1. Lys and Arg at +1, Asp and Glu at -1: add these up for the other residues within a Cβ distance under 14 Å of Ala56 and post the number.
2. How far is helix 71-83 tilted off the main Cα axis of the chain, in degrees rounded to 10, range 0 to 90?
3. Stokes-Einstein D for the range 1-52 at 25 °C, 0.890 mPa s, Kirkwood Rh over Cα pairs, in µm²/s?
4. Over all alpha-carbon pairs of the range 2-87, lay out the pair-distance distribution in 10 Å bins, whole %, shortest bin first.
5. Sort Glu73, Glu88 by Cβ crowding within 10 Å, fewest neighbours at the top.
6. For the range 25-89, calculate the relative contact order in percent as a whole number, restricting contacts to Cα pairs under 8 Å that are 6 or more residues apart.
7. Just to be sure I understand the model, the point goes 7 Å from the Cα along the line to the Cβ. What's the resulting Glu33 to Glu79 distance in nm?
8. To the nearest 10 degrees, how steeply does helix 17-27 sit against the main Cα axis of the chain, on a 0 to 90 scale?
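Laboratory data are not the source of any read-out in this text; all were calculated from the coordinates shown. In this text the structure is predicted, and so the values were computed from the model without any measurement. Please note: Cβ atoms are built from the backbone with ideal geometry, for glycine as well, and neighbour counts cover all protein chains shown.
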Amino acid sequence: MTVEKTLVITNAKGLHARAAAAFVKTADRFDAEVTVSKNGESVSGHSIMGLMMLGAAYGSDILVSCTGTQAAEALSALEKLVDDKFNEN
């Protein structure tokens, strides 16, 4: 199964190193392949460096696509993480 959703980066620093690490840590908890796209460029959601290379700043739209037996669960957890601003204060 594949599920996808466009998410908006709402934390002030965007998808920087700490936020990317939190994203990867969350993605790695699930039996799902995660891909993140921005402006036509796609990277693995399991790669901190790849995510940082997207340059997703505050207000950026990213498309998160999850494929696998836990795709829906992975997408839900990643959406919550992004909505919670990567748990940054």
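1. With Lys, Arg at +1 and Asp, Glu at -1, the net is +2.
2. 10
3. On the way: Rh = 11.6 Å.
After rounding, the answer is 212 µm²/s.
4. 21, 61, 18, 0
5. Numbers: Glu73 16, Glu88 12.
Arranged by neighbour count, lowest to highest, Glu73, Glu88 become Glu88, Glu73.
6. 37
7. 2.2
8. The two axes meet at around 10 degrees.
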